[in-house]
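Below: the structure, in C-alpha cells.
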Amino acid sequence: MNVNDFAYIVETKKNFDEAVVSVLKTVEQKGWTLFQIYDVKERLAAKGFEQKPLKIIEICSGKYANQFLSKNRLISLCMPCKINVVEENEKVKIIGMKPTMISQFFPEVSKKEADDVERDIIEMVNNAR
C-alpha cells in the first residue's frame, strides 16, 4: 500500500487561501455539506509550534453517510470525508481522502458504493484545482 491508495493529490497554481476558497465553493456546488475547517498551522502556533499552512476541510454527503452507516456504524471512524489544502516546498496541493479504502476494511460496503463517493471527491478536488 502507498499514499496514492489512500489520497488523491493535485497541485494547483492558486495560492493557499485561493485554493481553500475554491475547495469550499466546489463542495457547495456539488451539494455536499461542510462540517468543519481546521487551521492546523494556527492551532499549533498557539501551542508554540511552527508549521506550514495546512487546512483540513471536513465534508459530508448525507446520502452516502446514511447509506454507509446503515451497513455498519463503525464506518463513522472514517467520517466525515476530508479534503486538505497544504503548502509545502512553495507549492500548494489539494488532497482528497479516497473513500474506496472503506470497502477494504468494511466488506459490507461494496467497491462500487465506495467508488461512487470517491468519484465525487476526485471531481471536487479537480474542480478546485
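Bear in mind these aren't lab numbers, they're just calculated from the coordinates by the rules spelled out. Just so we're clear, the structure is a prediction, and the values are computed from it rather than from any experiment. Because the Cβ atoms are built from the backbone with ideal geometry, glycine has one as well, and the counts that use them run over all protein chains shown.
Listed values, structure above:
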quantity	calculated
Residue-count net charge about Val109 - beta-carbon cut-off 12 Å; Lys, Arg +1, Asp, Glu -1	-2
Ratio Rg/Rh [Cα only; Rh per Kirkwood] for region 1-62	1.01
Peptides 31-38, 92-99 ordered by average Cβ neighbours within 10 Å, highest first	92-99, 31-38
Under Karplus coefficients 6.51, -1.76 and 1.60, residue-wise ³J(HN,Hα) of region 113-129 in Hz, glycine/proline x	4, 5, 4, 4, 5, 4, 4, 4, 4, 4, 4, 5, 4, 5, 5, 7, 3
Beta bridges per DSSP with both ends in region 22-129, % antiparallel, nearest 5	100
Listed residue pairs exceeding 18 Å between alpha carbons, taken from Lys14/Lys98; Lys47/Lys93; Lys25/Lys63; Lys25/Lys98; Lys14/Lys55; Lys25/Lys93	Lys14/Lys98; Lys47/Lys93; Lys25/Lys63; Lys25/Lys98
Distance (nanometres) between label positions extended 7 Å along Cα→Cβ at Cys78 and Tyr38	1.9
Spherically averaged projected area in nm², based on the convex hull that wraps the Cα atoms of the chain	8.2
